[in-house]
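The values are calculated or read from the model by the stated rules, or taken from the named source; none is laboratory data. Everything numeric here is computed off the predicted structure, so don't read it as measured data. Cβ: placed from backbone, ideal geometry, glycine included. Neighbour counts: every protein chain shown.
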Amino acid sequence: MATKNTAEATENEALENGTVTDPGEELVTVQLFKDNGKYKEDLYVAVNGERILIQRGVPVQIKRKFAEVIEHSQMQDQQTDALMQRMADDYVRRTEEKTRV
């Protein structure tokens, strides 16, 4: 049985040689948005106990599984924003209807 260090070394070697069999382990390039406000700090991402810190504002290579987590998070943020906007619009509409009566 391989030890954890041996398994990690084998995985790292596969990543470097481009012989990755797990699509989630494939390296992809991402560049996270950076500003001087909410999006200025590096982004911490964890998948099944494996953690990384991603620098913002520069292209970096990360495993696909981390990129997918970021993508899903962004999609959820967009859906939440759309829901909040619909609810605010509905509230304004109902308030205007009450004031007309």
Condition met for Tyr44 (within 15 Å of the chain's Cα centre (by Cα), loosely packed, with under 13 Cβ neighbours inside 10 Å and among the hydroxyl-bearing types (Ser, Thr, Tyr))
yes
Note on segment 16-32: residues at pLDDT below 95 and part of a loop (DSSP other than H, G, I, E, B) are Gly18, Thr19, Val20, Thr21, Asp22
Got a number for residues in segment 45-101 being assigned to a helix (DSSP H, G or I), of a type in the set (Val, Ile, Thr) and in contact (Cβ under 8 Å) with a residue 24 or more places away in the chain?
2
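Just for segment 68-91: of the residues that are of a type in the set (Asp, Glu) and under 14 Å from the mean Cα position of the chain (by Cα), which one is surrounded by the fewest Cβ atoms within 10 Å (Cβ to Cβ)?
Residues of segment 68-91 of a type in the set (Asp, Glu): 68, 71, 77, 81, 89-90.
Imposing the further condition that a residue be under 14 Å from the mean Cα position of the chain (by Cα) reduces the set to 68, 71, 77.
Values: Glu68: 15, Glu71: 12, Asp77: 10.
The selected residue is Asp77.
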Among the residues of segment 53-67, write down those that are exposed (fewer than 15 other Cβ atoms within 10 Å of the Cβ) and either within 13 Å of the chain's Cα centre (by Cα) or modelled with pLDDT under 95 (or both).
Leu53, Gln55
